[in-house]
Amino acid sequence: MKLRICHLYGNLMNTYGDNGNLLMLQHRAKKLGYEVETTLISLEEDFNPEEFDIVMFGGGQDYEQTVVAKDLQNKKDTLIEYIEDDGVVVAICGGFQLLGRYYVNASGERLNGISAIDVCTNGQFPNRLIGDVEIFNEEFGETYLGYENHIGRTYLGKNMKPLGKVVKGFGNNEEDHAEGCHYKNVFCSYFHGPILVRNQHLADRIIQTAAQRRHAKNA
Ligand code: GLN
């Protein structure tokens, strides 16, 4: 079976080695016996939900986020269609923020996200949240380790689950002990490191989830 990965805005959204997540997905998918095909989808290109099994959307600085936030509106409907059809997404930091309702950046500019997940982010603070972070996902009984560096403080809507509960570090904000967001097959996190390289069990979970969905669709 072939797994088709979309590297969404991979040429713009790739801070702190987030592209390593893509290398890890490719590496682990091959080890697990799948063929892998990767396509970069960026500015002024269509996102076709039928063409992909995993979407990887990395983090970015405020400038890149401003450019991407505008273009993303043209992909909003098809990305939401993919997500609601249980498509697998990995979204890190700036990518996580833009899947949500909005991100108010460090200069106070409000960037609209696509509201694919019910979260919102404010970035007007004097300090960034930086350091090692550890979370625990109760549903899977798994611990994830990473490194965070963000100014944005993200708040989950009332029906949203975090990717994990903060054991050590800050997470989405320094108040509610939530880190990231797990909605349907969308896995969002502030973790760099990159998250999938440091947490092979999460990489494998994501690949197997995508493979099962593809298998069910092919049947
Ligand atoms: N610019 C955003 C923030 O600082 C995202 C940063 C990132 O993706 N690393 O919150």
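What percent antiparallel are the DSSP beta bridges of the chain, to the nearest 5?
55 percent
Taking 7 Å along the Cα-to-C-beta vector as the label spot, tell me the R128-H27 distance in nanometres, rounded to one decimal.
Spacing of the two 7 Å Cα→Cβ label points: 2.5 nm.
Give the lysines whose C-alpha is closer than 18 Å to that of K31, dropping any in the same chain fewer than 8 places away, or say none.
K2
For the chain, modelled as a GNM with alpha-carbon contacts under 10 angstrom, which of G157, G141, G87 fluctuates the most?
Among G157, G141, G87, the largest mean-square fluctuation in the Gaussian network model of the chain belongs to G141.
What residue among Y82, Y102, Y63 shows peak mean-square fluctuation when the chain is described by a Gaussian network model with Cα springs under 10 Å?
Y63
Roughly to the nearest percent, how much of the accessible area of the range 1-216 is carbon and sulfur, given a 1.4 Å probe?
Of the solvent-accessible surface of the range 1-216, carbon and sulfur hold 47 percent.
Which of the cysteines in the chain are isolated, no other cysteine C-beta under 4.7 Å?
So far as the 4.7 Å Cβ criterion goes, C6, C93, C120 stand without a partner in the chain.
Please tell me which of these pairs span more than 28 angstrom C-alpha to C-alpha: K168/K217; K75/K158; K30/K184?
Too far apart for the 28 Å limit: K168/K217.
Tell me the chymotrypsin sites (Phe, Trp or Tyr not before Pro) within the range 126-208 that lie in a loop according to DSSP and have at most 15 other beta-carbon atoms within 10 Å.
In loop regions of the range 126-208 (DSSP not H, G, I, E or B), the sparsely surrounded chymotrypsin sites (Phe, Trp or Tyr not before Pro) are F140.
Just check the chain against the gyration tensor rule for me: Cα atoms, a ≥ b ≥ c as the square roots of the eigenvalues, rounded for a/c under 1.5, and otherwise prolate or oblate depending on whether a/b exceeds b/c.
oblate
Given points 7 Å out from each Cα along the Cα-Cβ axis, report the D118 to F140 separation in nanometres with one decimal.
Taking the two extended label points, one gets 2.3 nm.
Work out, step by step, the length gained on full extension between Q200 and T78: first 0.36 nm times the residue separation, then minus their alpha carbon distance; give nm to one decimal.
Fully extending the segment from Q200 to T78 adds 41.0 nm.
Which value, in Å², gives the accessible area per residue of the chain when a 1.4 Å probe is used on the protein heavy atoms?
I get 43 Å² per residue for the chain.
For E109 and D85, compute 0.36 nm times the residue count separating them, minus their Cα-Cα distance, and round to one decimal in nm.
Difference between extended and current length: 5.4 nm.
Give me the number: length gained by fully extending Y63 to K161, i.e. 0.36 nm times residue separation minus the C-alpha to C-alpha distance, one decimal in nm.
Here the answer is 32.4 nm.
PRE reach from A219 (point 7 Å along Cα→Cβ): which of the range 88-129 fall under 19 Å by backbone N?
88
The values are calculated or read from the model by the stated rules, or taken from the named source; none is laboratory data. Just so it is clear, the structure is predicted and the values come from calculations on it, not from any experiment. Methodologically, a virtual Cβ is constructed for each residue, glycine included, from the backbone with ideal geometry; neighbour enumeration extends over all protein chains shown. Accessible surface areas use protein heavy atoms only, side chains included; no ligands, DNA or RNA. Shrake-Rupley method; radii C 1.70, N 1.55, O 1.52, S 1.80 Å.
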